[in-house]
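What follows draws every value from the coordinates through simple rules; no lab data is involved. Only a predicted model underlies this, so the values are computations on that prediction, with no experimental measurement involved. Every residue, glycine as well, gets a Cβ built from its backbone with ideal geometry; the counts of neighbours run over all protein chains shown.
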Amino acid sequence: MGFPIPDPFLWDNSFLVFYDELDCQHKQLFQGVFGCMENPGSQAAVDNMYTVMAYHFADEEGMMKNANYDGYAVHKICHDEFLAKIRVSAPLDHDFLTYAKNWLVNHIKTIDFKYKGKL
């Protein structure tokens, strides 16, 4: 059991990590998943979601490495596994999108929240 998935699926202040660039990118992640929900079967929507996820993950991981963040290795594994699941699951069906929404909400509120004030 995790945090509830917002309905509608939009970023809100409960997801703040208090790093402006990362918060902005998290909003884009929500938009990427939402775009796949609005355009079922669209490879362009899947590609966009993958691109914004990969860009954000690389940026976030870079900040972690620069700060010598202890949780970097585990965090990177979570990111890599999620990106791999997007590629394997494309085109994305309803079950995967439900998984993606749940993953994103719970990843931010559990895994990402651990780096607050440490980057």
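Within the stretch 95-119, track down each residue that is among the aromatic types (Phe, Trp, Tyr) and over 10 Å from the mean Cα position of the chain (by Cα). Give the derivation first.
Taking the stretch 95-119 as the starting set, the residues that turn out to be among the aromatic types (Phe, Trp, Tyr) are 96, 99, 103, 113, 115.
Listed by number, the residues that qualify are Phe96, Tyr99, Phe113, Tyr115.
Being within 26 Å of Glu38 (Cβ to Cβ) and of a type in the set (Val, Ile, Thr) is the filter here, so list the residues in the stretch 48-100 that pass it.
Answer for the stretch 48-100, where residues must be within 26 Å of Glu38 (Cβ to Cβ) and of a type in the set (Val, Ile, Thr): Thr51, Val52, Ile86, Val88, Thr98.
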